[in-house]
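Trainee: Below you will find the structure I want to go over with you.
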């Protein structure tokens, strides 16, 4: 019996889930994932009964509550029950303030939503020095409590929740969308797709394209570890394994300690399975946490695959249908997306959708402005490439560890203003430039080794995004001086102006504040 089979004998439902996820991962690698046709176009007119229909309730409730609060007629469709999972969502406290600023939670409710807190967090690569940071992804949010409060607030504000109502199809008409779900029809002015990375609408829009990169994640929450109030954000203690560099995270949880193993890779058909990765996780966990497996009591198993596409965020393919959250692929290739990415863009999206509804800016071109190009995320494709290795590439077993240790040494010397934004998936031009210059001067040999690993096309593409990041940064500073005075502009041009200003702010990392 393998270690995975032994541990999963205690968690039979998780075993089935892992097999399903592995089948999905195999289909993705082999290019056999079916491309559904769930969206059709019909130019006839309909009379919408809703302003917004949101498909996918787990994270869709965040935007749904914000829109219902503003008086829009919102229907939220969820294929199962709208209930948060038991495992906490880790985020930084500053990001959580968005819920209070938008009036979705009171300060007291926000505190009740926090299940765990820890400090500090470690970053370390192989035998290199350890770097410690505070207040980064150190808050564990209770999803069960948070979603229940948001659900009740959503209903109080006039929103309608339809549980056990799986999405079926959508027909785009000239005046709205007919959404069919759970045997019912919902006629709406705008549909939001919050069904995640593998939404059937996204699959149709992507037309079977393989992801350019994937992040595989496995882990558990278990009791039996020694008391430890610190966490790990990015730790590696092994050289390459199966043409993968393994990275680890660890967080205190209410009922134990959560540990993750993740790796960045492409979707080559010969890549290892999720079950093989889980076997490696269990094999290495005792060394990572200095605790024997037979001392642990496993509460939950965690696993997933997060595809990333260079063509992201995903632009709308139809009028009146907007992908949001993981459906849009709006996170960097270094991030898992999910809760943190949605919270970061919650104010921008809720404001933008509100403006779009008010000004009837619901055509494809107008909705595209809500998913703008963000050079600060596009530049991270080079970093993802430098943290992964191709199936047929040959590099030194510890090359990635040595590079990351050198980069984080320079970032830590530059201080928290450089280190902390990057750890929260925000890249800014000045901190990035400082890090590149210092690393190149201090470690030219390591930098030169990157070139054959990432390839010239990737480097040239990165230079384009890096130049655009500099331009966005300069324009964002200029826009701060001229952004006032747009109130007198007609509503639809005003909508476009606001979206461009937001694109500059978020695309330069200017939305970040410590």
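The values are calculated or read from the model by the stated rules, or taken from the named source; none is laboratory data. For clarity, every value in this text was computed on a predicted model and none was experimentally measured. A quick note on method: Cβ atoms are made from the backbone with ideal geometry, for glycine too, and the neighbour counts reach across all protein chains shown.
Trainee: Which residues, counting only those in the stretch 296-316, are touching a helix residue (DSSP H, G or I) at 6+ places or on another chain (Cβ under 6 Å) and either under 17 Å from residue 331 (Cα atoms) or assigned by TED's automatic domain parsing to the domain that holds residue 192 (or both)?
Mentor: Hits for the stretch 296-316 are 305, 313, 314, 315, 316.
Trainee: Which condition number does residue 168 fail, the rest of (1) in contact with a strand residue (DSSP E or B) (Cβ under 7 Å, 6 or more places away or on another chain); (2) modelled with pLDDT under 95 being met?
Mentor: (2)
Trainee: Related question: Looking only at the stretch 278-295, which residues are touching a helix residue (DSSP H, G or I) at 6+ places or on another chain (Cβ under 8 Å) and either outside any helix (DSSP H, G or I) or over 18 Å from residue 263 (Cα atoms) (or both)?
Mentor: First, the residues of the stretch 278-295 that are touching a helix residue (DSSP H, G or I) at 6+ places or on another chain (Cβ under 8 Å): 278-279, 282-283, 285-286, 291-293.
Within the stretch 278-295, 286, 291, 292, 293 meet the criteria.
Trainee: Looking at (1) free of Cβ contacts under 8 Å to residues at least 24 places away in the same chain; (2) touching a helix residue (DSSP H, G or I) at 6+ places or on another chain (Cβ under 8 Å), which is the only condition residue 157 fails?
Mentor: Unmet for residue 157, out of (1) free of Cβ contacts under 8 Å to residues at least 24 places away in the same chain; (2) touching a helix residue (DSSP H, G or I) at 6+ places or on another chain (Cβ under 8 Å): (1).
Trainee: Further, regarding this structure: Out of the residues in the stretch 267-277 that are part of a loop (DSSP other than H, G, I, E, B) and in contact with a strand residue (DSSP E or B) (Cβ under 6 Å, 6 or more places away or on another chain), state the one that is surrounded by the fewest Cβ atoms within 10 Å (Cβ to Cβ).
Mentor: Applying the filter and picking the extreme gives 267.
Trainee: Restricting to the stretch 35-57, give me the number of residues that are closer than 22 Å to residue 205 by Cα and not in a loop (DSSP other than H, G, I, E, B).
Mentor: 8
Trainee: Now, a different point. Given the residues 329, 337, which is the only one that is at pLDDT below 95 and in contact with a helix residue (DSSP H, G or I) (Cβ under 7 Å, 6 or more places away or on another chain)?
Mentor: Answer to the check: 337.
Trainee: Can you pull out the residues in the stretch 437-455 that are within 14 Å of residue 381 (Cβ to Cβ) and assigned to a helix (DSSP H, G or I)?
Mentor: 450, 453, 454
Trainee: With a cut-off of at least 1 residues that are touching a strand residue (DSSP E or B) at 6+ places or on another chain (Cβ under 8 Å) and either surrounded by fewer than 19 Cβ atoms within 10 Å (Cβ to Cβ) or assigned by TED's automatic domain parsing to the domain that holds residue 71 (or both), name the helices (runs of 4 or more DSSP H) lying wholly within the stretch 334-382. Quick ask: steps written out before the conclusion?
Mentor: On the way: elements: 338-344, 346-359, 364-368, 375-378.
Correct list: 338-344, 346-359, 364-368.
Trainee: Could you pull out the residue among 140, 64 that is touching a strand residue (DSSP E or B) at 6+ places or on another chain (Cβ under 6 Å), in a helix (DSSP H, G or I) and buried (at least 20 other Cβ atoms within 10 Å of the Cβ)?
Mentor: Only one candidate qualifies: 64.
Trainee: Mind listing just one residue for me: the one in the stretch 467-497 that is at pLDDT 90 or above and buried (at least 19 other Cβ atoms within 10 Å of the Cβ) and, of those, farthest from the chain's Cα centre (by Cα)?
Mentor: 495
Trainee: Also, I was wondering about something else. When the stretch 105-131 is examined, which residues are found to be in contact (Cβ under 8 Å) with a residue 60 or more places away in the chain and out of contact with any helix residue (DSSP H, G or I) (no Cβ under 9 Å at 6 or more places or on another chain)?
Mentor: 116, 118, 119, 120, 122
Trainee: Sticking with this one: Quick one: which of 302, 322 is in a strand (DSSP E or B), in contact with a strand residue (DSSP E or B) (Cβ under 7 Å, 6 or more places away or on another chain) and at pLDDT below 95? Spell out the reasoning first.
Mentor: Numbers: 322 fails: at pLDDT below 95.
One residue alone meets the criteria, 302.
Trainee: I've got another one for you. For the stretch 67-85, give me each residue that is surrounded by fewer than 18 Cβ atoms within 10 Å (Cβ to Cβ) and either within 19 Å of the chain's Cα centre (by Cα) or not in a loop (DSSP other than H, G, I, E, B) (or both).
Mentor: 85
Trainee: Within the stretch 386-395, is even one residue in a helix (DSSP H, G or I) and modelled with pLDDT of 90 or more?
Mentor: yes
Trainee: Please enumerate the residues belonging to the stretch 89-113 that are under 17 Å from residue 148 (Cβ atoms), assigned to a helix (DSSP H, G or I) and at pLDDT below 95.
Mentor: If the condition is that a residue be under 17 Å from residue 148 (Cβ atoms), assigned to a helix (DSSP H, G or I) and at pLDDT below 95, then 96 is the only one that fits.
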